[in-house]
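Since the structure comes first, as structure tokens, the remarks are kept for the end.
The values are calculated or read from the model by the stated rules, or taken from the named source; none is laboratory data. Note that the coordinates shown come from a computational prediction; the quantities given were computed from them, not determined experimentally. Reconstructed Cβ throughout: ideal geometry from the backbone, glycine too, with neighbour counts over all protein chains shown. Quick note on the areas: whole protein, heavy atoms, side chains included, nothing else; ligands and nucleic acids left out. Shrake-Rupley method; radii C 1.70, N 1.55, O 1.52, S 1.80 Å.
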Amino acid sequence: QVQLVESGGGLVQAGGSLRLSCAASGTISSFAGMGWYRQAPGKQRELVAYLPSSGNTNYADSVKGRFTISRDYAKNTVYLQMSSLKPEDTAVYYCRTDQWGNIYWGQGTQVTVSS
């Protein structure tokens, strides 16, 4: 079993920055993909940034150049550094990992960007 715990969300003004963290525990493979999705009210959950098990990092076009995903393999933690935040970035941000053929989600952390 895998557990994901996100932290770092909050309220920030437009143009500000936040860093989200997602700590994974349980039976974790360092080779598994990890990343971030978000869901705004009334919208579908969408990819934000993802570090796959192999290949290039994926970013949504809307966050390229503003968000950076990184991973600390020793701590089983993935981070999302968000800069130049916009009101349209307001959403619940979910951590996701693909482990042993299964998809796991965190409980989500709210990010609210005021104009």
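For VAL48, state whether it is under 12 Å from the mean Cα position of the chain (by Cα) and either open to solvent by 40 Å² or more (accessible area, probe 1.4 Å) or free of Cβ contacts under 8 Å to residues at least 40 places away in the same chain (or both). So that I can check it myself, show each step before the final result.
Numbers: under 12 Å from the mean Cα position of the chain (by Cα): yes; either open to solvent by 40 Å² or more (accessible area, probe 1.4 Å) or free of Cβ contacts under 8 Å to residues at least 40 places away in the same chain (or both): no.
No, not satisfied.
If you take just the strands (runs of 3 or more DSSP E) that sit entirely in region 1-62, which of them hold at least 3 residues that are at pLDDT below 95 and of a type outside the set (D, E, K, R)?
So the answer is 18-26.
Looking only at region 83-96, which residues are touching a residue at least 60 places away in the same chain (Cβ under 8 Å) and either open to solvent by 60 Å² or more (accessible area, probe 1.4 Å) or over 14 Å from LEU20 (Cβ atoms) (or both)?
Scanning region 83-96 gives SER84, LYS86, PRO87.
Just name the residue that is most open to solvent (accessible area, probe 1.4 Å) out of those in region 66-82 that are in contact with a Ser or Thr (Cβ under 8 Å, 6 or more places away or on another chain) and not in a strand (DSSP E or B).
Looking at the filtered set, the residue picked out is TYR73.
Here is a yes/no grid of residues against (1) touching an Asp or Glu at 6+ places or on another chain (Cβ under 8 Å); (2) surrounded by fewer than 19 Cβ atoms within 10 Å (Cβ to Cβ); (3) more than 14 Å from GLY108 (Cβ to Cβ):
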residue: GLY16; (1), (2), (3): no, yes, yes
residue: SER21; (1), (2), (3): yes, yes, no
residue: ALA24; (1), (2), (3): no, no, yes
residue: SER30; (1), (2), (3): no, yes, yes
residue: TRP36; (1), (2), (3): no, no, no
residue: GLY42; (1), (2), (3): no, yes, yes
residue: GLY55; (1), (2), (3): no, yes, yes
residue: ALA60; (1), (2), (3): yes, yes, yes
